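The values are calculated or read from the model by the stated rules, or taken from the named source; none is laboratory data. Note that the coordinates shown come from a computational prediction; the quantities given were computed from them, not determined experimentally. Here the Cβ positions follow ideal geometry from the backbone for every residue, glycine too, while neighbour counts run over all protein chains shown. For accessibility, only protein heavy atoms count, side chains too; no ligands or nucleic acids. Shrake-Rupley method; radii C 1.70, N 1.55, O 1.52, S 1.80 Å.
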Amino acid sequence: MSRFSRQTILPDFGKEGQEKLSRARVLVVGAGGLGCPVLLHLAAAGVGTIGIVDGDVISESNLNRQTLFGHQHTGKPKAAIAAEILKQKYPDLNFEVFSDFLNTNNALEIISSFDVIVDGTDNFGTRYLVNDACVLLNKPLVMGAICKYEGQLMIFNFGDVALNYRDIYPNPPGENQIPNCAETGVLGVLPGIIGTLQASEVIKILSEVGKVLSGKILFFNLKNTSFYEVAIQHNPKGRENLPKSEKYFKNRNYNINCGIAEGINWEKALDWTRNMNNSILLDIREPGEKPFFEKEYLSKKPMGEIRNNPESLSAYENILLFCASGQRSSQLAKELKQQFPEKKIFSV
């Protein structure tokens, strides 16, 4: 029996719908809580080529919601491991791996070769970047978002009334308005639900079967199991904020930081320092501050010295900072993130 027989016997879908999926190219940005169910369902449905973009590595705290991965994968790159797992399950499919974060230098080139883009990221900067790139390239965008017990699903740049993220949110939020996932928390089933809905919209777009959720936002509340929709419309103010050209896009700063720098625990910081290339664990306290730490994997450089010469850290991709209370390391992490938006910079 064919792997797709339960799909091809569906009225309206049939072999034609399956062939459309097999010829399609879908890019999934983010292989996290949303990206994992999207990837799994698109691969199971038979989407011929799936691109995976993610510059992050798997950590233990990811495992409650990033269901493609297990403990044996911690410390390994998400995009490569996701592709490896899916290739074992579905060897006839093609997977293109981009183990980098999207930025203004690579986004247009990567996105341009795919038919549909799925945004499964968890930060506002990338969300605006992907939206603006899809508008410039005229690519349909399936976006999901989660916070605490609620999720959202939106389809942009599709259909007769092609809306985009800036029609809803013309400007990015201020840094103190951005919730931090590490602090707000999330139940793993929520991104599973929203990610599965994202995959279903992608399949509808590709197969041209069913009505695509365009022109509105779908909200889901996990606590009371309720869905509701809100219609959206063109926002002239939001349109003014779109990049006018690829050159304008490449010169725009999409780095949006949370009010509190992202933290990392000691266990993960030590693991990264010992096992990942281009990582540095920095004691940014002043000389003489106690307690003293003398370890071969630990570097020392006072906060003031780093501020005077941030380029001294340019060779490192993962910069892990600690001090006595976490206040200085958090502040310096935010400052360095402005200087190096594509690096992973954490307060330990």
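Details
- Of the residues in the range 304-311, at least one is open to solvent by 50 Å² or more (accessible area, probe 1.4 Å) and farther than 30 Å from Pro173 by Cα.
- Boolean, Glu150 is of a type outside the set (A, V, I, L, M), within 18 Å of Gly33 (Cα to Cα), surrounded by fewer than 22 Cβ atoms within 10 Å (Cβ to Cβ) and without any contact (Cβ under 8 Å) to a residue 12 or more places away in the chain: no
- Among helices (runs of 4 or more DSSP H) entirely within the range 1-86, having at least 1 residues that are without any contact (Cβ under 8 Å) to a residue 12 or more places away in the chain, more than 18 Å from Ile117 (Cα to Cα) and basic (Lys, Arg) singles out 5-8, 14-23.
- Annotation note: of Leu141, Leu129, Leu137, the sole residue that is open to solvent by less than 50 Å² (accessible area, probe 1.4 Å) and touching a Cys at 6+ places or on another chain (Cβ under 7 Å) is Leu141.
- Residue within the range 133-146 that is at pLDDT 95 or above, in contact with a Ser or Thr (Cβ under 8 Å, 6 or more places away or on another chain), aliphatic (A, V, I, L, M) and assigned to a helix (DSSP H, G or I) present: yes
- Any hit, the range 115-125, residues being touching a Phe, Trp or Tyr at 6+ places or on another chain (Cβ under 8 Å) and modelled with pLDDT of 95 or more: no
- Those residues of the range 109-126 which are open to solvent by 30 Å² or more (accessible area, probe 1.4 Å), touching a strand residue (DSSP E or B) at 6+ places or on another chain (Cβ under 9 Å) and farther than 21 Å from Val186 by Cα, in sequence order: Ser113, Asp115
- Yes/no for Asp100 being open to solvent by less than 20 Å² (accessible area, probe 1.4 Å) and closer than 18 Å to Ala79 by Cα: no
- Scanning the range 291-348 for residues that are among the small types (Gly, Ala, Ser) and either in a loop (DSSP other than H, G, I, E, B) or within 25 Å of Thr104 (Cα to Cα) (or both) turns up Ser312, Ser314, Ala315, Ala324, Ser325, Gly326, Ala333.
- Within the range 64-96, the set of residues being under 15 Å from Pro191 (Cβ atoms) and surrounded by fewer than 16 Cβ atoms within 10 Å (Cβ to Cβ) comprises Asn64 only.
- Some residue of the range 321-341 being closer than 26 Å to Leu63 by Cα, out of contact with any strand residue (DSSP E or B) (no Cβ under 9 Å at 6 or more places or on another chain) and either touching a residue at least 40 places away in the same chain (Cβ under 8 Å) or open to solvent by 30 Å² or more (accessible area, probe 1.4 Å) (or both): yes
- Hits in the range 195-217 - residues which are part of a strand (DSSP E or B) and open to solvent by 20 Å² or more (accessible area, probe 1.4 Å): Ser214, Lys216
- Restricting Asn171, Asn106 to those that are of a type outside the set (Gly, Ala, Ser) and open to solvent by 50 Å² or more (accessible area, probe 1.4 Å) reduces the list to Asn171.
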